Amino acid sequence: MSRRFLIPLGLAAAVFAVSVQAQTPPEAASQPAGPTIASKIEEQGQMRYLRVTDLRAVKRDNLLRIQAEITNTSNGNQQLYYRFKWLDRDGFSVWDDEPWKPLLVYGAQKQFINVVAPTFKATDFRLVLQSPDNSGNN
Amino acid sequence: MQAQNSHALRLTLIAGALAFSLSACQTTSPTTGSGNVSYGDAKAVETVTTDLGSTDIQMISEKMTQSLIQEPLIQDLIRKRQLLMASPVKNKTSEYFDTRLITDTILAQLQKNGVRYTIEGEDMQNQVDELRRQNQSGLYDKSKSVKMGKMQGAKYRLDGAVSSIIKKTADQKDVYYKINLRLIEIETGVVEWTDEKEIRKTARR
């Protein structure tokens, strides 16, 4: 499958939608601000050890592709549960509730979550995160 | 006049007391039953046992749908309105579960994106029965019944297998599941797409 995507991947950035970074580079200060990571994340409680350190979204072949980088700031393994909400440009949900998915993030490691929208209708998303060590669980 | 007013007031008070006494018997919760049964979240991460469960089925279906939908061949199939079908996924594990849970979900999710698919196997008997009923029973108006010999064959077929490796010690059980799904061009037998999903579940005893 990957060979079929070589060309679209090359053209990739041309198509697209949102790219969000954890910190705005100083030179970008004068440019119009893009969406922040926080605006795309819904944390259930405050995560103590896990952070979304990078979040990218691009639309290729009419499908929204997301890559989120999760960083574990503790030395122990951390369990994460996540799911996406797929929205259209008006903020309406365009897909059924996704199942919660478990992800094990090893101590002091970074892990990517790579997904493709399940429908061509999705133009926006929310990443919902929950960790057993969230402060909200206490 | 005064007597009439006091009579109306008395009736209002009685009606009010009656309504209050009736409402006192009810709760505002729209439920019935003893309370020992409750509804949970169908999308929750299920970790009851290491057996293949709802979360596994959901994750497998989701991963395969996402992988299929970005495949150019499937996008072409949608544009050309070609047909897909799903053969029963083989269960090579030692557990019993209905593998149609996987293929039915994948097909439903693909259809929401415009993929058309044909029926197979288990559904075929009902289809044939209905065709025969309309054409051979003599009960139906010929001008208003469907014709035989018009069914369409699929161009591509989904097939696959679920396998598992189980390791046990006195205090631990580890199960590794591997799900392989393939998209095969029926006419040529060429496998046009393959993807896999791995799941590891561990339980301490």
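The values are calculated or read from the model by the stated rules, or taken from the named source; none is laboratory data. This structure is a prediction, so every number in the text was calculated from the model and none was measured. All Cβ positions, even for glycine, are placed from backbone atoms using ideal geometry, and neighbour counts span all protein chains on display.
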query = Between residues in the stretch B:182-195 that are under 9 Å from B:TYR156 (Cα atoms) and residues that are surrounded by 13 or more Cβ atoms within 10 Å (Cβ to Cβ) and basic (Lys, Arg), which pairs lie under 7 Å by C-beta distance while being six or more apart or on different chains?
reply = B:ILE184/B:ARG157; B:GLU185/B:LYS155; B:ILE186/B:LYS155; B:ILE186/B:ARG157
request  = Looking for whichever is crowded, with 17+ Cβ neighbours inside 10 Å, more than 18 Å from B:ARG182 (Cα to Cα) and either more than 18 Å from the chain's Cα centre (by Cα) or not acidic (Asp, Glu) (or both) here; the options are B:LEU139, B:LEU131, B:LEU158, B:LEU107. Which one fits?
outcome  = B:LEU131
ask   = Taking the stretch B:12-55, which residues are at pLDDT below 70 and either assigned to a loop (DSSP other than H, G, I, E, B) or surrounded by 11 or more Cβ atoms within 10 Å (Cβ to Cβ) (or both)?
value = B:CYS25, B:GLN26, B:THR27
request  = State whether one or more residues within the stretch A:82-90 are surrounded by fewer than 18 Cβ atoms within 10 Å (Cβ to Cβ) and in contact with a Leu (Cβ under 6 Å, 6 or more places away or on another chain).
outcome  = no
key: Of residues in the stretch B:175-205 being within 14 Å of chain A (Cβ to nearest Cβ) and acidic (Asp, Glu), the one surrounded by the most Cβ atoms within 10 Å (Cβ to Cβ)   = B:ASP195
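Would you confirm whether or not the stretch B:69-91 contains a residue that is in a strand (DSSP E or B), basic (Lys, Arg) and modelled with pLDDT of 95 or more? Give the derivation first.
Taking the stretch B:69-91 and keeping what is in a strand (DSSP E or B), we get B:83-86, B:90-91.
Subsequent filtering for residues that are basic (Lys, Arg) retains B:90.
Within this subset, residues satisfying the condition of being modelled with pLDDT of 95 or more are B:90.
Checking the stretch B:69-91: at least one residue is in a strand (DSSP E or B), basic (Lys, Arg) and modelled with pLDDT of 95 or more.
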ask   = Given the conditions (1) at pLDDT 95 or above; (2) within 23 Å of the chain's Cα centre (by Cα); (3) more than 14 Å from chain A (Cβ to nearest Cβ), and given that B:PHE97 satisfies all but one, which numbered condition is not satisfied?
value = (1)
remark   = Residues of the stretch A:98-132 being in a strand (DSSP E or B), out of contact with any Ser or Thr (no Cβ under 9 Å at 6 or more places or on another chain) and among the aliphatic types (A, V, I, L, M), in sequence order, are A:LEU103, A:LEU104, A:ILE113, A:VAL115, A:LEU127, A:VAL128, A:LEU129
task = Report yes if A:LEU127 is aliphatic (A, V, I, L, M), free of Cβ contacts under 8 Å to residues at least 40 places away in the same chain and on the phi < 0 side of the Ramachandran plot, otherwise no.
result = no
remark   = From the option list B:GLN70, B:GLN58, B:GLN66, B:GLN75, single residue qualifying as in contact (Cβ under 8 Å) with a residue 12 or more places away in the chain, crowded, with 18+ Cβ neighbours inside 10 Å, facing chain A (nearest Cβ under 10 Å) and under 24 Å from A:ALA122 (Cα atoms) is B:GLN58
Matching residues in the stretch A:118-138 - criterion: being among the small types (Gly, Ala, Ser) and buried (at least 18 other Cβ atoms within 10 Å of the Cβ) = A:ALA122, A:SER131
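Determine if the stretch A:63-74 includes at least one residue that is closer than 23 Å to B:LYS43 by Cβ and polar (S, T, N, Q). Spell out how you get there, then give the answer.
Pass one, the stretch A:63-74, residues closer than 23 Å to B:LYS43 by Cβ: A:63-68, A:70.
Next cut, polar (S, T, N, Q) only: A:67.
Taking every residue of the stretch A:63-74 in turn, at least one turns out to be closer than 23 Å to B:LYS43 by Cβ and polar (S, T, N, Q).
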ask   = If A:ARG65 satisfies every condition in (1) more than 9 Å from chain B (Cβ to nearest Cβ); (2) surrounded by fewer than 20 Cβ atoms within 10 Å (Cβ to Cβ); (3) modelled with pLDDT of 95 or more; (4) touching a Lys or Arg at 6+ places or on another chain (Cβ under 8 Å) but one, which is the exception?
value = (1)
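From A:PRO35, A:PRO102, grab the single residue that is more than 14 Å from chain B (Cβ to nearest Cβ) and either out of contact with any Asp or Glu (no Cβ under 8 Å at 6 or more places or on another chain) or modelled with pLDDT under 95 (or both).
Values: A:PRO102 fails: more than 14 Å from chain B (Cβ to nearest Cβ).
After ruling out the rest, the residue left standing is A:PRO35.
Is it fair to say B:ASN113 is touching a helix residue (DSSP H, G or I) at 6+ places or on another chain (Cβ under 7 Å) and farther than 30 Å from B:GLU95 by Cβ?
Details: touching a helix residue (DSSP H, G or I) at 6+ places or on another chain (Cβ under 7 Å): yes; farther than 30 Å from B:GLU95 by Cβ: yes.
Taking the combined requirement at face value, the residue satisfies it.
Pick out the one residue from A:VAL94, A:VAL115, A:VAL52 that is surrounded by 17 or more Cβ atoms within 10 Å (Cβ to Cβ) and more than 14 Å from every other protein chain (Cβ to nearest Cβ).
After ruling out the rest, the residue left standing is A:VAL52.
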